[in-house]
1. Can you list the GluC sites (Glu not before Pro) in segment A:67-173 that are in a DSSP coil and have 11 or fewer other beta carbons within 10 angstrom?
2. If Lys and Arg each add +1 and Asp and Glu each add -1, what is the summed charge of the other residues whose beta carbon sits under 9 Å from the beta carbon of A:P40?
3. What nm distance separates the two modelled labels at A:E164 and A:C70, each placed 7 Å from Cα along Cα→Cβ?
4. Please compute the average number of Cβ atoms from other chains found within 10 Å of each residue's Cβ in peptide B:109-122.
5. Once B and A are treated as a pair rather than alone, how much accessible area drops out, both sides summed, in Å² to 100, probe 1.4 Å?
6. My understanding is that a pair violates if its Cα-Cα distance is over 19 Å; which of A:K81/A:K158; A:K48/A:K103; A:K170/B:K120; A:K48/A:K158; B:K80/B:K148; A:K23/A:K48 do that in this structure?
7. Quickly estimate the mean residue ellipticity at 222 nm for chain A, helices only: each DSSP H run with n ≥ 4 gives -39500 (n - 2.57), and the total goes over all residues, rounded to 500.
8. If R₀ is 56 angstrom, what is the calculated FRET efficiency for the pair A:S61 and B:Q67, using the beta carbon separation as r and rounding to 0.05?
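The values are calculated or read from the model by the stated rules, or taken from the named source; none is laboratory data. Owing to the predicted nature of the structure, the values given are computational and were not obtained by experimental measurement. As a convention, Cβ positions derive from the backbone with ideal geometry for all residues, glycine included, and neighbour counts pool all protein chains shown. Please note that ligands, DNA and RNA were not included when accessible areas were found on the heavy atoms of the full protein model with its side chains. Shrake-Rupley method; radii C 1.70, N 1.55, O 1.52, S 1.80 Å.
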Amino acid sequence: MEESANQMSLAVQQSKTAYDNIKERFGDAISEFDANPTMPFFEVLDTKRWVDIALHMRDNSLLRFNYMACLSGVDYPEEGKLGIVCNFESIGHYAHKIAVKVKCPRDGGSIPSVSCVWHTANWHEREAYDMYGMVFEGHPDLRRILCPEDWTGYPLRKDYQVQETYHGIKVPY
Amino acid sequence: MGLLDARVSNRNVLVTSVDNVMNWARLSSLWPMGFGLACCAIEMMATNASNYDLERFGIFPRSSPRQSDLMIVAGTVTMKMAERVITLYEQMPEPRYVLSMGSCSNCGGPYWHHGYHVLKGVDRVIPVDVYVPGCPPRPEALIGGLMKIQELIRMEGLGISRQDALKKLAEKSVDPQQVIDQVRKATA
């Protein structure tokens, strides 16, 4: 473990320090740290505690993850799950960066919304919902954002079948 | 072959047909509907700007469909937008013309195969008179398309329908290979 810590770049070490802080507070609710050099991440295992973790990440004086750079949806059909990947940075306080993965069941699953923690999440969660169909619990305005309201299906799911017609207009070529 | 090219006698008398005058007036003041959909719209704006100066043809965008006689569909028509395009088209007074600009609005462009959200050609929902190829077409190409619309208007008349005018235009079509060969010969 010591050796691998020495091999980590400075940026990953900073992320590891931030991770250790969260791990100390939340223990088994989060997974082990993945120290890949591109984007170090951890996964939230207890989805229900996601908002608590988010608040801790934003407000703890040693973390100050005040900037949600991105929130992307992911489909994991072989696991039967849908997920989100959120990228966080701390602007004006620290140089650490970290990504967080949260997953939920593919059919009728839901993830707690963090739009009250980072306002950026509001539209990003709507986009993830529009494209993947997971529900964000507690979101103030969970409507489709890119597709029309009456669009059938969730286009970025891996088993998505395009609808034949939309309001009488043929969709496939 | 504008009216002013014709010989006007020094008594200011001009003998011409109603068709000719009407068409000249219509083609000299085309007012396109002012809206753009995607990247092609940037080229359309460039065409309207001072470098290419569409106003020399009397063409400048109107912001109301009720005062426009030409619709330039510039860019990717998504399914969500297609219905709005139909509405705008229906609000335009007749006679109205549609110019489809760029691969996306011609046939779906790069979204032709996998784009679940893109209309595969705006001619699936509204009739198109002139297609301008390109991705996106340069302003010169758009101007070429607009001049094609003007030609079409010139062909139309009281007794001649749009279909007949389009047929006449098709007869006049130029083989691009011939033009290329001509240019090559001239520059050789």
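1. Details: sites: A:E78, A:E79, A:E89, A:E125, A:E127, A:E137, A:E149, A:E164; in loops: A:E78, A:E79, A:E149, A:E164.
Qualifying residues, ordered by number: A:E78, A:E79, A:E149, A:E164.
2. In short, +1.
3. My value for the distance between the label points is 3.8 nm.
4. Working: counts 0, 0, 1, 1, 2, 3, 5, 12, 8, 2, 4, 5, 1, 0.
Taking all residues of B:109-122 together, the mean is 3.
5. Values: alone 11430 and 9610 Å², together 19850 Å².
By this definition, chains B and A bury close to 1200 Å².
6. Details: A:K81/A:K158 12 Å; A:K48/A:K103 11 Å; A:K170/B:K120 9 Å; A:K48/A:K158 26 Å; B:K80/B:K148 30 Å; A:K23/A:K48 16 Å.
Checking Cα-Cα distances, A:K48/A:K158; B:K80/B:K148 exceed 19 Å.
7. -8000 deg cm²/dmol
8. Numbers: r = 61 Å, r/R0 = 1.09.
Efficiency for this residue pair is about 0.35.
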